[in-house]
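*Asks:* Below are the structure tokens for one structure; questions will follow.
The values are calculated or read from the model by the stated rules, or taken from the named source; none is laboratory data. Everything quoted here is computed from the prediction, not taken from an experiment. Heads up, the Cβs are rebuilt from the backbone with ideal geometry, glycines too, and the neighbour counts pull from every protein chain shown. Calculation scope for accessible area: heavy atoms of the full protein, side chains included, ligands and nucleic acids excluded. Shrake-Rupley method; radii C 1.70, N 1.55, O 1.52, S 1.80 Å.
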Amino acid sequence: QVQLVESGGGLVQAGGSLTLSCAASGIIFSRYDMGWYRQAPGKQRELVATITSGGSTNYADSAKGRFTISRDNAKNTVYLRMNGLKPEDTDVYYCKAKYNYINYWGQGTQVTVSS
């Protein structure tokens with residue numbers, strides 16, 4: 001059974017930092033490209049950052065320079081370090097694991113940034 005469990009969300013003041021974690025089980029983690037996405041109520045889910053199985057990263061323009069995605073294959077975990085948080089970063093953040101045409105999603109973690 002595949003599980004992606006996000007943690008680390010919460011309430012933070014503008015300018016603050018959070019680190020999200022996504023622990024994977026039931027997959028050969030090192031083979032999967034991993035990603036973080038965000039979604040507001042009534043809106044489409046959108047890319048925040050991805051990291052390939054080889055360690056290459058990609059960021060949405062809104063995340064560049066503020067967020068850092070990383071992975072620890074020994075711990076089957078992907079991270080998203082978020083600095084300089086803004087109220088517009090408030091969303092539910094989801095973890096995704098991708099291998100070829102297979103996609104798995106976590107249940108999401110709420111990030112709320114107060115002004």
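*Asks:* With the requirement that a residue be open to solvent by less than 40 Å² (accessible area, probe 1.4 Å) and assigned to a strand (DSSP E or B), what does the stretch 71-100 give you?
*Replies:* Across the stretch 71-100, the qualifying residues are T77, V78, L80, M82, D91, V92, Y93, Y94, C95, K96, A97.
*Asks:* Name every residue in the stretch 60-70 that is open to solvent by 60 Å² or more (accessible area, probe 1.4 Å) and over 11 Å from the mean Cα position of the chain (by Cα), in order of residue number.
*Replies:* Correct list: D61, S62, K64, G65.
*Asks:* Can you list the strands (runs of 3 or more DSSP E) found entirely within the stretch 1-53 that contain at least 3 residues being closer than 13 Å to Y93 by Cβ and either open to solvent by 30 Å² or more (accessible area, probe 1.4 Å) or in contact (Cβ under 8 Å) with a residue 24 or more places away in the chain (or both)?
*Replies:* 3-7, 18-25, 33-39, 46-51
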